[in-house]
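Computed from the coordinates by the stated procedures, all read-outs in this text should not be read as laboratory data. Everything numeric here is computed off the predicted structure, so don't read it as measured data. Virtual Cβ from ideal backbone geometry, glycine too; neighbours counted across all protein chains shown.
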Amino acid sequence: MAKKKVVFFDLGDTLASTEPPFIYRIAQSMRKAGYGISDRELEEAYVAADYELYLKHKSEGGINPEQHRVWFLPLLYSAISPPGDIDVFRSRVREEMSGLTFTRAALPGAADLLERLKDEGYALAVISNNDGNTIEKCEEVGIKDYFDHIFDSTMLGLVKPDPRIFEYAAAKCGVSPSEAVHVGDMLGSDVMGGRDAGLDVIWFNARKIAKPDGIHVKEAGSLAEVADLIG
């Protein structure tokens, strides 16, 4: 096994989050729109939809950012099966979401983990499916200076779980994929996508979501556990 030189991280819900968290804001908006779904139920459905997106990308032979936008929400709404007209419901959820306010902060233990990995000699980078503002978000939560590179899907025109975004990031960091580790909270986008690209992967599974049968990956329930799984 190649010695690891670079650790890649997802950003949202891996190193930083909003308050309320993004998924909880969606659940809250769905409840306001008339569908009684719990935060936990939506967490499970969201992670399941992300994994189904990964499977769809495999069956279709690839994925780009536009396909990610088009494919994901129908998979999510299929997973939760709200009653009535889906288009009307989605419109109501968007309207409710637009009225919610939130703050953003680093997750507990993020700075300590990044500091430890830096001290141990790893290069650090972010690979995020984001809106073009990943650098600014990292700066907002006080972790930008830990990273040698910050890769944003919107800026690159590449999106997880496409292996090319991981391969691109590894090349920019001057390493082979086998010399890198990717840590993220989404089983499909982060874990399966990174593994397909040849990276070692760690699922940051603080939500305690059950894996599909036959999937074997390293899991960390907290950021404090991540460093000991890199090797």
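Structure data summary
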{"item": "Filter pass, Val159 being assigned to a loop (DSSP other than H, G, I, E, B) and touching a helix residue (DSSP H, G or I) at 6+ places or on another chain (Cβ under 7 Å)", "result": "yes"}
{"item": "Complete set of residues in segment 142-186 that are under 16 Å from Ile202 (Cα atoms) and among the hydroxyl-bearing types (Ser, Thr, Tyr)", "result": "Ser178"}
{"item": "Qualifying position, being over 27 Å from Ala171 (Cα atoms) and either under 19 Å from the mean Cα position of the chain (by Cα) or exposed (fewer than 12 other Cβ atoms within 10 Å of the Cβ) (or both), among Gly157, Gly84", "result": "Gly84"}
{"item": "Residues satisfying the stated conditions in segment 206-231, i.e. outside any loop (DSSP other than H, G, I, E, B) and among the hydrophobic types (A, V, I, L, M, F, W, C)", "result": "Ala220, Leu223, Ala224, Val226, Ala227, Leu229"}
{"item": "Residues located in segment 51-98, provided they are within 23 Å of Arg164 (Cα to Cα), among the polar types (S, T, N, Q) and touching an Asp or Glu at 6+ places or on another chain (Cβ under 9 Å)", "result": "Asn64, Gln67"}
{"item": "Residues that are touching a strand residue (DSSP E or B) at 6+ places or on another chain (Cβ under 9 Å), part of a loop (DSSP other than H, G, I, E, B) and of a type outside the set (D, E, K, R), drawn from segment 173-205", "result": "Cys173, Gly174, Val175, Met186, Ala197, Gly198, Leu199, Asn205"}
{"item": "Subset of segment 164-216 [among the aliphatic types (A, V, I, L, M) and touching a Gly at 6+ places or on another chain (Cβ under 7 Å)]", "result": "Val191, Val201, Ala206"}
